[in-house]
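Shown next, in structure tokens, is the structure this report addresses.
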Amino acid sequence: MSSLAQIAANRENAKHSTGPVTDSGKSRASQNSTKLGLFARRDYVPDDLRDEYDHLRDSLTAQLSPCSPLEEALTREIVSAQWRLERCAQIEANLTEAPELTPTGIAIERARASASRTFWRALRELRRIQTDQTARRMTVGDS
């Protein structure tokens, strides 16, 4: 249990860390997730990389051949994760200092690990579903 002194110190510290107060500060902070685009809810695609993103999406979709809404959802997850992995590499290549020593480098590594887990989980699930459907079609065809 916290002592009265700890509670008082915590309340005093909280007064100094309330986040942005001005409208311009709040506006700037609201764009934090899109500064690099690594943690944005949607794929962050700068205008100059739109063609590259479209090519990645179209290529992966053609290769994965989704045939149902669930397979399409998993394919979108795979595309998104692969795009984030490529963005991590692009951003890291443009850093001038050792990436592991900077907050940006740490964020890149977190985003890379998350995207990699998402990519492989979605790919395994997609392949499992596609294999099950193929097996069912073969069983039905044998009857």
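The values are calculated or read from the model by the stated rules, or taken from the named source; none is laboratory data. Computed from a prediction, not measured in an experiment: that's the story for all the values here. Heads up, the Cβs are rebuilt from the backbone with ideal geometry, glycines too, and the neighbour counts pull from every protein chain shown. The protein model used for the area step is the full one, side chains on, heavy atoms only, and it has no ligands, DNA or RNA in it. Shrake-Rupley method; radii C 1.70, N 1.55, O 1.52, S 1.80 Å.
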Looking only at region 116-143, and only at residues there that are over 18 Å from Glu72 (Cα atoms) and among the small types (Gly, Ala, Ser), the one that is surrounded by the most Cβ atoms within 10 Å (Cβ to Cβ): Ser116
Region 1-24: number of residues that are within 26 Å of Tyr44 (Cα to Cα) and either over 25 Å from the mean Cα position of the chain (by Cα) or at pLDDT 70 or above (or both): 3
Within region 55-108, residues open to solvent by 80 Å² or more (accessible area, probe 1.4 Å), closer than 25 Å to Leu123 by Cα and part of a loop (DSSP other than H, G, I, E, B) come out as Cys67
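Which one of these is more than 30 Å from Leu70 (Cβ to Cβ), small (Gly, Ala, Ser) and out of contact with any strand residue (DSSP E or B) (no Cβ under 7 Å at 6 or more places or on another chain): Ala93, Ala115, Ala122, Ala89? Don't jump to the end; show me each part of the working.
Values: Ala115 fails: more than 30 Å from Leu70 (Cβ to Cβ); Ala122 fails: more than 30 Å from Leu70 (Cβ to Cβ); Ala89 fails: more than 30 Å from Leu70 (Cβ to Cβ).
So the residue among Ala93, Ala115, Ala122, Ala89 that is more than 30 Å from Leu70 (Cβ to Cβ), small (Gly, Ala, Ser) and out of contact with any strand residue (DSSP E or B) (no Cβ under 7 Å at 6 or more places or on another chain) is Ala93.
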Scanning region 25-54 residue by residue, the ones that are open to solvent by 90 Å² or more (accessible area, probe 1.4 Å) and modelled with pLDDT of 95 or more total 2
